[in-house]
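K.L.:
Submitted below is the structure of interest, expressed as structure tokens.
Coordinate-derived values only; no laboratory data. Since we're looking at a predicted model, the values are computed, not measured. Reconstructed Cβ throughout: ideal geometry from the backbone, glycine too, with neighbour counts over all protein chains shown.
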DNA sequence: ATTATGCCAATTGTTAACAATTAACATTGA
DNA sequence: TCAATGTTAATTGTTAACAATTGGCATAAT
């Protein structure tokens, strides 16, 4: 009997810690001044410093943290305007490309998953908790990218994490809901043109 | 008295191992079939498994290796044609952007460094050793990107490493020399237009 | 014969102790 | 007073031992 887990939530310790920390940092919960201490994080997650180190190194490579040898990590600053535009352009390129690829792969289970993420996002927006909003926003886009290519997911994450370093500046929760609802609607009805249009509109 | 090291070769253990392994893998020295063993690498570099693990994780994030929980890493395969074009397009975007930024920062010391790298590349091409060629080719482009922005370097590396997964297929060492000589010449004479043209010509 | 079960060696994941480095503070000496 | 120099606590880097997981192989049951 074949047992395929319906969700990919079977993460390793490192992935779990990495995703948790990323979501917290991107929505501005972490100050840029307060240094990140491995020992404190290890105690918090109930593990040793090893896996925490792995996560911090990974987040540094993603651009969420900045690594300095023998000095630890600190929260990165948002990219300058010039670089932001470049990254934004590349993010659009990747996501429109992935949409094209994944829209012909998606099945009914994917529809359900997307609806579920959208619902979580809606709840988060209504609650106003930026932590959860940033998390779910990223999760929705990430789902589509990953569905197209695991390979591109890593590249996309490095670009998008850097862009979202000032996610806390996003103001209108209602717009987030409608924009993402438009994307999901178009995707679930397999309307590529509409989906790409909604996507471009969402990636400011 | 201020002592600034002329080169940035003061790397950490992890960086040293990472750069060494990347160069070897990109030029096809490592088979896709033979599994990568942490213990063997640790013994080779004279360190414990910890730093080696860090390097393998980092190279996985870069796309050079593929990581599987509890199963270790294996050499990645080159991207499919469709994805290769997307990555190539993004690489061009980043490098032309970085050229624009760095060309107004470069000084005489940079000229010397670039000439030095170009000479190493020339020697490598004449010797025909792909290991060294791949290393120096990457080093030249990387120098310009890093000079423009440490931030973009990581993004660029993730894209370019994936593209160079089939560097071993590159055939003409002479073309590599002339193409990169053209880039360095244009850059050292601060001719942006010519440099960008030479760059585009080099990034196939 | 074929599938299932139970070892066993090899490998990766995790931990805790130890080494090296840093940065702040105190001390010294002009 | 101020710069230079030890001193010390905190933090990161590294290591080696231990735990958990995997995959192959032999064995047994149907």
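K.L.:
Select from A:109, A:182, A:194 the residue whose mean-square fluctuation is largest in a Gaussian network model of chain A (Cα-Cα springs shorter than 10 Å).
P.N.:
A:109
K.L.:
Going 7 Å from Cα along the Cα-Cβ axis for the label, what nanometre distances separate residue B:77 from the same residue across the other copies?
P.N.:
4.4
K.L.:
Averaging the inverse of every distinct alpha carbon separation and then flipping it gives the Kirkwood radius. What is it for the range B:162-204, in angstrom units? Show your work: numbers first, answer last.
P.N.:
Numbers: mean 1/r = 0.0904 Å⁻¹.
So the Kirkwood estimate lands at 11.1 Å.
K.L.:
Over the C-alpha atoms of the range B:83-204, what are the Rg and the largest Cα-to-Cα span, Dmax, in Å?
P.N.:
Gyration radius and largest Cα-Cα distance of the range B:83-204: 13.4, 38 Å.
K.L.:
Quick one: among A:25, A:133, A:34, which has the greatest mean-square fluctuation in a GNM of chain A with alpha-carbon springs under 10 angstrom?
P.N.:
A:34
K.L.:
To continue, here is another question. Measure nothing fancy, just the Cα-based angle from helix A:150-163's long axis to the longest principal axis of chain A, in degrees from 0 to 90, nearest 10.
P.N.:
Approximately 70 degrees, to the nearest ten.
K.L.:
Still on this structure: For a quick check: sort A:169, A:147 by the number of other beta carbons within 10 angstrom, fewest at the front.
P.N.:
Values: A:169 8, A:147 20.
Exposure proxy ranking, most exposed first: A:169, A:147.
K.L.:
Calculate I(q)/I(0) for the range A:53-122 by the Debye formula, one identical point scatterer on each C-alpha and no solvent, and give its log10 at q = 0.17, 0.18, 0.26 Å⁻¹ to two decimals.
P.N.:
The Cα Debye sum returns log10 ratios of -0.92, -0.94, -1.02.
K.L.:
Nearest 500 deg cm²/dmol is fine: what mean residue ellipticity at 222 nm does chain A get from its DSSP H runs of n ≥ 4 alone, each adding -39,500 (n - 2.57), divided by its residue count? Present the calculation step by step, with values, prior to reporting the outcome.
P.N.:
Working: 9 runs with 138 residues, N = 204.
One gets -22000 deg cm²/dmol as the mean residue ellipticity at 222 nm.
K.L.:
Could I ask something else about it? Given Cα positions, please report Rg to Rh for the range A:93-147, the hydrodynamic radius being the Kirkwood one.
P.N.:
Details: Rg = 12.1 Å, Rh = 11.7 Å.
Rounded to two decimals, Rg/Rh equals 1.03.
K.L.:
Given the options A:142, A:44, A:190, state which has the largest fluctuation in a GNM of chain A using a 10 Å cut-off (strictly under) for Cα springs.
P.N.:
Ranking A:142, A:44, A:190 by mean-square fluctuation puts A:44 first.
K.L.:
Also, I was wondering about something else. What share of Cα pairs, in percent, lie more than 15 angstrom apart in the range A:47-90? Write down the numbers at each step before the final one.
P.N.:
Details: 502 of 946 pairs.
Beyond 15 Å sits 53 percent of the P(r) for the range A:47-90.
K.L.:
Normalise the Debye intensity by I(0) for the range B:1-127, one equal point scatterer per Cα, no solvent, then take log10 at q = 0.21 Å⁻¹ and round to two decimals.
P.N.:
-1.28
K.L.:
With angles folded into 0 to 90 degrees, how steeply does helix B:49-62 sit against the dominant principal axis of chain B? Use alpha carbons for both and round to 10.
P.N.:
Relative to chain B, helix B:49-62 is tipped by roughly 60 degrees.
K.L.:
Using only C-alpha positions, report the orientation-averaged shadow area of the convex hull of the protein assembly as shown, nm², one decimal. Write down the numbers at each step before the final one.
P.N.:
Details: hull surface 90.9 nm².
Across all orientations, the protein assembly as shown yields a mean hull projection of 22.7 nm².
K.L.:
Along Cα→Cβ at 7 Å, what distances in nm separate the residue B:166 label point from those on the other copies, shortest first?
P.N.:
The projected label point of residue B:166 is separated from its counterparts by 4.1 nm.
K.L.:
Can you give me the angle between helix B:81-102 and the longest principal axis of chain B, using Cα atoms only, in degrees from 0 to 90, rounded to the nearest 10?
P.N.:
Tilt of helix B:81-102: around 50 degrees.
K.L.:
Let me ask something additional. Quick check: the distance between the Cα centres of the range B:114-177 and the range A:130-170, to the nearest angstrom?
P.N.:
Each part reduced to its Cα centre gives a spacing of 30 Å.
K.L.:
Rounded to a whole number, what is D in µm²/s for the range B:130-190 from Stokes-Einstein with the Kirkwood radius over alpha-carbon pairs (25 °C, 0.890 mPa s)? Show your work: numbers first, answer last.
P.N.:
On the way: Rh = 12.6 Å.
Taking Rh from Cα pairs, D becomes 195 µm²/s.
K.L.:
Relative contact order for the range B:1-150: what percent, with Cα pairs under 8 Å and sequence separation of 6 or more? All intermediate terms of the calculation are to be shown ahead of the outcome.
P.N.:
On the way: 111 pairs, mean separation 35.3, N = 150.
Relative contact order for the range B:1-150 comes out at 24 percent.
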